[in-house]
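Okay, structure first, notes after.
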Amino acid sequence: GTELSFWLRPRSVSAPCVIRLQGGHQFFSRAAQEKPQRLRGLSERLSFARADGFVGVSQYVVDETAHHLSYHRKSVAVIPNAIEVDRFAAAEAGSDGDLVFFVGTLCRKKGVEELIDAFAEVLQDRPGLRLALAGRDTTDSRTGASYQQGLQRRMDPSVAARVEFLGPQPNDVVAQYLARATLTVLPSHMETFGI
């Protein structure tokens, strides 16, 4: 997301403040066809006005953000996210024929609900499958409660018994899951830097 606190920084701070664009509130609200929250939208606009420059993780996020917010003619660059390829290549491969894996923040825009619904259907034909989800929980914007707990409540107990929420994991652990999984599923509705 976009750092929204730049507009609060003291004027005595002399270091340049740069916003790293990974998709902010306006960007994702409009992509999800939801009305942006007024206070968060205002905070984002004020932050953009106070920032000294912007760095986007992709040209796509830079261009799409420009439809919703002004860069105020300040410098904008694209610097893609880096991946430590060697760390992931070093993971010991081994197939776990029953493992389906997801890695990402647990939230609506990542398609986690749809993944769990699809997994429940696939379980009917492949009852031995397991789904492991690695990533931090969020607060559900519609209910104000834990998104993970909401997912757990809506699952049939037979499905819940086959789903494991791992929470945030270090890259080394994620690499091991990626190497072992039969299938990794990343069903995001939208990404600014797709993997």
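The values are calculated or read from the model by the stated rules, or taken from the named source; none is laboratory data. Since the model is a prediction, treat every value here as computed from it, not as a measurement. Neighbour counts run over all protein chains shown; Cβ positions are idealised from the backbone, glycine included. With ligands, DNA and RNA removed, areas are computed over all heavy atoms of the protein, side chains included. Shrake-Rupley method; radii C 1.70, N 1.55, O 1.52, S 1.80 Å.
Tabulated data for the structure shown
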read-out: Condition broken by Val103, with the remaining ones in (1) without any contact (Cβ under 8 Å) to a residue 60 or more places away in the chain; (2) in contact with a helix residue (DSSP H, G or I) (Cβ under 6 Å, 6 or more places away or on another chain) satisfied; value: (1)
read-out: Single condition Leu123 does not satisfy, out of (1) farther than 23 Å from Thr192 by Cα; (2) under 18 Å from the mean Cα position of the chain (by Cα); (3) of a type in the set (A, V, I, L, M); value: (2)
read-out: Residue under evaluation Gln148, criteria (1) in contact with a helix residue (DSSP H, G or I) (Cβ under 8 Å, 6 or more places away or on another chain); (2) surrounded by 16 or more Cβ atoms within 10 Å (Cβ to Cβ), criterion not met; value: (1)
read-out: Entirely in segment 6-124, the strands (runs of 3 or more DSSP E) that have 2 or more residues that are more than 30 Å from Arg154 (Cβ to Cβ), β-branched (Val, Ile, Thr) and open to solvent by 60 Å² or more (accessible area, probe 1.4 Å); value: none
read-out: Residues (within 21 Å of the chain's Cα centre (by Cα) and modelled with pLDDT under 80) located in segment 1-24; value: Gly1, Thr2, Glu3, Leu4, Ser5
read-out: Pairs, first at pLDDT 95 or above in segment 138-162, second open to solvent by 60 Å² or more (accessible area, probe 1.4 Å) and not in a loop (DSSP other than H, G, I, E, B), C-beta under 6 Å, six or more apart; value: Arg162/Arg130
read-out: Residues of segment 156-195 satisfying the condition of being within 19 Å of the chain's Cα centre (by Cα) and polar (S, T, N, Q); value: Gln169, Asn171, Thr184, Ser188, Thr192
read-out: Residue that is surrounded by the most Cβ atoms within 10 Å (Cβ to Cβ) [pool: residues in segment 151-195 that are part of a loop (DSSP other than H, G, I, E, B) and of a type in the set (D, E, K, R)]; value: Arg162
